[in-house]
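Enquirer: Attaching a single structure in structure tokens format; questions to follow.
The values are calculated or read from the model by the stated rules, or taken from the named source; none is laboratory data. Being a predicted model, the structure only gives us computed values, none of them experimental. Cβ: placed from backbone, ideal geometry, glycine included. Neighbour counts: every protein chain shown. When the accessible area is computed, the model is the full protein with side chains, heavy atoms only, and any ligands, DNA or RNA have been set aside. Shrake-Rupley method; radii C 1.70, N 1.55, O 1.52, S 1.80 Å.
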Amino acid sequence: MGRVSRRAFTVAALSAFTMAPRASAAPIPSGAPTPPTAPGGPAAWPPARRAVTGMRGMWLATVANRDWPTRAGLRAAEQRAELIEHLDNAVRHRLNTVIFQVRPTADALWPSAYEPWSEYLSGSQGRDPGWDPLGTAVQEAHARGLELHAWFNPYRVATHDDPARLVPSHPGRKNPGWLVPYGGKLYYNPGLPEVRAFVQDAMMDAVEKYAVDGVHFDDYFYPYPVAGQSFDDGGTYSTFGSGFATKAAWRRENIDLLVRETAERVKKVRPAARFGVSPFGVWRNAATDAKGSDTRAGVQTYDDLYADTRKWVREGWLDYIVPQLYWNIGLDAADYAKLLPWWAEVAKGSRTQLYAGEALYKAGDPAQPAAWQDPAELSRHLTLAQQHPEVRGHVFFSAKEVAEDRIGAMARVSADHYARAAGTSRQDG
């Protein structure tokens, strides 16, 4: 991959497969025959909406210019042309959804009332690129029959840890108490109520201004663990953590609040838009929790990112979830063929649509195992998913690999499974 991206921790997360399981309180059982009542009673959330054609999506990453633009500082016309080419590639592969990263590092790819223009456009944070990428993306995607989901990273502020490098008008410069340096990066502190309110306001600015079809979070909540370092939120816990038995439980509540409140605000502001999350693919290992998956992952979202992704599905807070199932069929430590049915069981009976996140970026990468040198590996994933009616589609990481298609894996998926042009992935009632 070479550059920083939201998938940068995938290898590290699995390199520690043999780490000892950690004990913690067990959450709600996954085998519940009916979904639990959402806060506010049964009427608080609409019923699950029937899928029309299912999700055929791709992520379009902008952090560190991963997919687009190819480099910072291109002229506006060049950036626009590259963006249009990605949309056209989606159509050529008979996809129907593009998940476009518009807030990669507490910045914006639209004229935001809250945060500076992204440096990944002009090369300098805060500099107006001379056009509106999100507005253009929505318009051009819709003109091609594609859905456009706006992808936000809630708490990552910078891929460095020096607040002085932020533009002077940056909210992190104005509110230094919001910032936590960790692992060579800067993050907003999720435990501060004013931070949670601010990041929601910053994201909702885009949702209010543009007819986006979805609002999307990736896998970063509390940051992935870094060996030998601790996330410095002890003071915040002392102030706001009363009533919680552990800091971990308090952290999970902070993320629960972010997800639940964002869902409510999206539905209020843009009822037709869907809210979804694409978490790391392992909620908990079965060795840690009997309700977990048959995996040996060194990272578990419940314990390490403080993201109780299973709860969000069962409580009905999400319209859709796209777990990143970035491993091949038959991998001993994290077998796609075991994780997919685990997630299908989690989604069963809930209102949350399940889509599988697919590691197109691994196909043909010589650093990956032999399974990923076979152009048919991803196609087999989709074939396997047909056995599980809860799986309503797939999303591929990411746009650059859709375009390059090193060994024809995406072409094979299109030929085997997307022979007909994609209809919309909208859900009807």
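Enquirer: For the chain, what are the DSSP H helices with axial Cα length of 18 Å or more and mean Kyte-Doolittle hydropathy of at least -1.0? All intermediate terms of the calculation are to be shown ahead of the outcome.
Expert: Working: long enough: 76-92 (24 Å, -0.57); 193-209 (24 Å, -0.17); 247-269 (33 Å, -0.81).
Sorted by number, the helices that extend far enough and score high enough are 76-92, 193-209, 247-269.
Enquirer: Full extension from D201 to S124: what is 0.36 nm times the residue separation minus their Cα-Cα distance, to one decimal in nm? Write out the running numbers ahead of the final one.
Expert: Numbers: separation 77, 0.36 × 77 = 27.72 nm, distance 2.35 nm.
Additional length available on full extension: 25.4 nm.
Enquirer: Follow-up question, since we're still on this one. Tally the DSSP beta bridges in the chain and give the antiparallel ones as a percent, rounded to 5. Provide the component values of the computation, followed by the final result.
Expert: Working: 8 of 42 bridges.
So the antiparallel bridges in the chain amount to around 20 percent.
Enquirer: Using the charge dipole of the chain (Lys, Arg: +1 at Cβ; Asp, Glu: -1 at Cβ; taken about the Cα centre), state which of V346, A371, Q125 has its Cα farthest towards the positive end.
Expert: Towards the positive end, the residue furthest out is V346.
Enquirer: Positive end of the dipole of the chain, charges at C-beta (+1 Lys, Arg; -1 Asp, Glu), about the Cα centre: which of P168, N65, T383 has its Cα farthest in that direction?
Expert: T383
Enquirer: So, one more: Just to verify a number: FRET efficiency for A367 and A143, C-beta to C-beta distance, R0 = 45 Å, to 0.05? Mind showing how you got there, number by number?
Expert: Working: r = 38 Å, r/R0 = 0.85.
Once rounded, the FRET efficiency stands at 0.75.
Enquirer: Based on Cβ point charges of +1 for Lys and Arg and -1 for Asp and Glu, what charge dipole magnitude is obtained for the chain about its Cα centre, in debye rounded to the nearest 20?
Expert: 520
Enquirer: Taking a ≥ b ≥ c as the square roots of the Cα gyration tensor eigenvalues, with a/c under 1.5 meaning rounded and otherwise prolate when a/b beats b/c, else oblate, which class fits the range 168-289?
Expert: Numbers: a/c = 1.73, a/b = 1.27, b/c = 1.37.
Oblate, because a/c is 1.5 or more while a/b does not exceed b/c.
Enquirer: Further question: Got the relative contact order for the range 158-316 handy, in percent, Cα pairs under 8 Å and 6 or more residues apart? Mind showing how you got there, number by number?
Expert: Numbers: 189 pairs, mean separation 35.7, N = 159.
It comes to 22 percent, rounded to a whole number.
Enquirer: May I pose another question? Roll a 1.4 angstrom probe over the protein heavy atoms and tell me the percent of accessible area of the chain that is carbon or sulfur.
Expert: Numbers: 8170 of 15570 Å².
Carbon and sulfur together cover 52 percent of it.
Enquirer: Quick one: accessible area per residue over the range 103-252, 1.4 Å probe, rounded to a whole number of Å²?
Expert: Working: 5310 Å² over 150 residues.
Here the residues of the range 103-252 average 35 Å² of exposed surface.
Enquirer: When the helix-only estimate is applied to the chain (DSSP H runs of n ≥ 4, each -39,500 (n - 2.57), divided by the residue count), what is the mean residue ellipticity at 222 nm, nearest 500 deg cm²/dmol?
Expert: Using -39500 (n - 2.57) per qualifying helix, the result is -9000 deg cm²/dmol.
Enquirer: I need the shape label for the range 208-358. Rule: rounded when a/c is under 1.5, else prolate if a/b > b/c, else oblate, with a, b, c from the alpha carbon gyration tensor. Please list the in-between numbers first.
Expert: Numbers: a/c = 1.80, a/b = 1.02, b/c = 1.76.
Here the range 208-358 falls in the oblate category.
Enquirer: Report the extension gain between L257 and R92 in nm, rounded to one decimal, defined as 0.36 nm multiplied by the number of residues separating them, less their alpha carbon distance. Please list the in-between numbers first.
Expert: Working: separation 165, 0.36 × 165 = 59.40 nm, distance 3.93 nm.
Working it through step by step, the gained length comes to 55.5 nm.
Enquirer: Here is a follow-up. Using θ = phi - 60° and the Karplus curve 6.51 cos²θ - 1.76 cosθ + 1.60, what whole-Hz ³J(HN,Hα) does each residue of the range 55-62 get, with Gly and Pro shown as x?
Expert: Each residue's phi maps through the Karplus curve to give 7, 10, x, 9, 7, 10, 8, 10 Hz.
Enquirer: Using a 1.4 Å probe, what is the accessible area per residue for the range 268-427, in Å²? Each step should come with its number before you reach the end.
Expert: Working: 4930 Å² over 160 residues.
Ligands and nucleic acids excluded, the figure is 31 Å² per residue.
Enquirer: Under the 0.36 nm per residue contour assumption, what length would be gained going from the current alpha-carbon distance of A76 and A415 to full extension?
Expert: On the way: separation 339, 0.36 × 339 = 122.04 nm, distance 3.48 nm.
Additional length available on full extension: 118.6 nm.
Enquirer: Give the distance, in whole Å, between the Cα centre of the range 357-429 and the Cα centre of the range 256-303.
Expert: Each part's Cα centre sits 22 Å from the other's.
Enquirer: For the range 180-299, with only Lys/Arg (+1) and Asp/Glu (-1) charged at the beta-carbon, what is the dipole magnitude about the Cα centre, in debye rounded to 20? Please report the intermediate quantities before stating the final value.
Expert: Numbers: 15 positive and 15 negative charges, 48 e Å.
My answer is approximately 220 debye.
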